[in-house]
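Below you'll find the structure, written out as structure tokens, and then a few comments.
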């Protein structure tokens, strides 16, 4: 990977006081576009395997993704997030939740809704090492540290409708309004029946949201970061009414649950969040 001479507009990060979450070195490169110079770099674990003698290069900061996540949370007035994977996105989403909380707390009349895990982001990850590194970074930001809940768990191969996929062993007991899919690393999926995902030609295939689909509430929003093959898998196996969109500029697929409202609480939340109500 190398940075180019093309510049990225980081005005939104500055206007929303988000640059404080990045180190000085990260800020030096945050407004520079980059390109991959190794076909394996898009999956860092395979890159390190193929280039053991090279200095480790972390993923660059994807400004477009971070801005989109922050804007989405504020626009849709998200209360609770489930994130598969953790990293820069976790911190930026937590910041957006706190900004929403400030607005919500200032309301003289609160909407009559039922949300148990208000202003929390629950992250599911597989790496103890990177989780510990991440927690050290959070120590500098106690406000967001309080609302980030982390589960470290394994991932195993499974099936959905007799189709190959994989599932995390442990999920938080929440019903989020936003689900962000940016994990796991395929290499972290445990071997089953002699088969594993330890091959850069095999894409990740998370099935957890299919397992969760029956309990999700109309208005739930899912963002799949890249992982287009996984997005196709979800599209072809979801059983409820989802509006699906693809944004090629930042390489994401989104799903919005558009079933009819479940009743008063759900309707009130959809009104508060300015989301279309289907009766």
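Before moving on, here are some points about what is shown:
- A residue that is touching a helix residue (DSSP H, G or I) at 6+ places or on another chain (Cβ under 9 Å) and closer than 23 Å to residue 79 by Cβ can be found somewhere in segment 182-195.
- The sole residue among 170, 117 that is loosely packed, with under 13 Cβ neighbours inside 10 Å and either modelled with pLDDT under 95 or within 18 Å of the chain's Cα centre (by Cα) (or both) is 170.
- Qualifying residue in segment 151-159 (condition: surrounded by 13 or more Cβ atoms within 10 Å (Cβ to Cβ), in contact (Cβ under 8 Å) with a residue 40 or more places away in the chain and touching a helix residue (DSSP H, G or I) at 6+ places or on another chain (Cβ under 8 Å)): no
- The criterion of at least 2 residues that are assigned by TED's automatic domain parsing to the domain that holds residue 222 and in contact with a strand residue (DSSP E or B) (Cβ under 8 Å, 6 or more places away or on another chain) is met, among helices (runs of 4 or more DSSP H) falling completely within segment 63-161, by 63-76, 88-105, 128-138.
- Strands (runs of 3 or more DSSP E) wholly inside segment 186-279 containing at least 1 residues that are in contact with a strand residue (DSSP E or B) (Cβ under 7 Å, 6 or more places away or on another chain), closer than 16 Å to residue 175 by Cβ and at pLDDT 90 or above: 221-225, 252-257
- Every listed requirement among (1) under 27 Å from residue 34 (Cα atoms); (2) outside the structural domain of residue 115 (by TED's automatic domain parsing) is met by residue 279 save one, (1).
- Subset of segment 223-240 [over 17 Å from the mean Cα position of the chain (by Cα) and either more than 24 Å from residue 166 (Cα to Cα) or in contact (Cβ under 8 Å) with a residue 24 or more places away in the chain (or both)]: 233, 237, 238, 239, 240
- Some residue of segment 183-197 being within 22 Å of residue 257 (Cα to Cα), surrounded by 16 or more Cβ atoms within 10 Å (Cβ to Cβ), within 17 Å of the chain's Cα centre (by Cα) and in the same structural domain as residue 262 (by TED's automatic domain parsing): yes
- Residue in segment 258-275 that is surrounded by fewer than 17 Cβ atoms within 10 Å (Cβ to Cβ), within 17 Å of the chain's Cα centre (by Cα) and assigned by TED's automatic domain parsing to the domain that holds residue 75 present: no
- Filter result for residue 134 (in contact with a helix residue (DSSP H, G or I) (Cβ under 8 Å, 6 or more places away or on another chain), more than 19 Å from residue 180 (Cα to Cα) and surrounded by 16 or more Cβ atoms within 10 Å (Cβ to Cβ)): no
The values are calculated or read from the model by the stated rules, or taken from the named source; none is laboratory data. The shown structure was predicted, so the numbers you read here are calculated from the model rather than taken from an experiment. No Cβ is skipped: glycine too gets one built from the backbone with ideal geometry, and neighbour counts run over all protein chains shown.
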